[in-house]
Amino acid sequence: MNTDKAVIAVIDDEESVCKALERLLRSAGLTANTFLNGADFLSFLETNRPDCVVLDLNMMPMNGLEVLKSLAMKRLGLPVIIITGDDNEEKYQQVIDQGAAAYLLKPIDDQLLLDTIDTVLTH
C-alpha cells in the first residue's frame with residue numbers, strides 16, 4: 001500500500017469492530033483514529049482532518065447516513081467508505097447519492113477494505 005502515514009477515521013458503535021479495524025489499519029502502516037459514535041467524530045473534525053473515513057451505517061443515536069449528510073454539508077471532500085451488515089439496495093443508493101466512495105458488507109474482508117482505502121486515497 002502506497003498510502004503510508006494516511007490517517008483513517010473509523011466510526012462504529014461496536015468497540016470490538018473499532019479495535020479490530022484499528023489493528024488492521026496499523027498493521028498496514030496507516031494511522032487509525034476510532035470513534036464509537038458520530039458525534040465524537042464530528043467534534044474531532046473541528047480540529048483534525050483524516051484522509052479517509054470508514055463509517056458504520058447502523059449506529060445509534062446518530063446513524064451513519066446522518067454522519068455522511070453532515071460531512072456533505074461541511075464540504076470537506078473526505079472519501080467515506082460505508083461498512084454495514086445491511087445488504088440493501090435502497091440504503092446502498094442513499095449513501096452513494098450522499099457521496100460515499102464505497103459500500104462494503106460486514107463481516108469486512110480485510111484485504112478488500114485495505115484495497116478500497118488505497119483506491120480512494122490515490123484517486
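Please tell me if Q98 is of a type in the set (S, T, N, Q) and either touching an Asp or Glu at 6+ places or on another chain (Cβ under 8 Å) or under 17 Å from F41 (Cβ atoms) (or both). Yes.
Listed here are the residues, each with its yes/no results for (1) of a type in the set (A, V, I, L, M); (2) without any contact (Cβ under 8 Å) to a residue 60 or more places away in the chain; (3) surrounded by 18 or more Cβ atoms within 10 Å (Cβ to Cβ); (4) within 15 Å of L78 (Cβ to Cβ).
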| site | (1), (2), (3), (4) |
| --- | --- |
| A6 | yes, no, yes, yes |
| I11 | yes, yes, yes, yes |
| C18 | no, yes, yes, no |
| L21 | yes, no, yes, no |
| S27 | no, yes, no, no |
| A39 | yes, yes, no, no |
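Quick check: is even one residue across region 62-74 assigned to a strand (DSSP E or B) and either hydrophobic (A, V, I, L, M, F, W, C) or closer than 21 Å to D115 by Cα (or both)? No - not one qualifying residue is present in region 62-74. Within region 87-103, track down each residue that is surrounded by 15 or more Cβ atoms within 10 Å (Cβ to Cβ) and either touching a strand residue (DSSP E or B) at 6+ places or on another chain (Cβ under 8 Å) or modelled with pLDDT of 95 or more (or both). Selection gives K91, Y92, V95, G99, A100, A101, A102, Y103.
Considering region 52-78, and only residues there that are closer than 18 Å to H123 by Cβ and not aliphatic (A, V, I, L, M), the residue that is surrounded by the most Cβ atoms within 10 Å (Cβ to Cβ) turns out to be C52. Exactly one residue among T47, T34 is over 14 Å from the mean Cα position of the chain (by Cα), surrounded by fewer than 21 Cβ atoms within 10 Å (Cβ to Cβ), of a type in the set (S, T, Y) and not in a helix (DSSP H, G or I), and that residue is T47. Of the residues examined, D87 is not one that is touching a residue at least 40 places away in the same chain (Cβ under 8 Å), more than 22 Å from H123 (Cβ to Cβ) and acidic (D, E).
The values are calculated or read from the model by the stated rules, or taken from the named source; none is laboratory data. It should be emphasised that the depicted structure is a prediction, and the values quoted were computed from it without experimental measurement. No Cβ is skipped: glycine too gets one built from the backbone with ideal geometry, and neighbour counts run over all protein chains shown.
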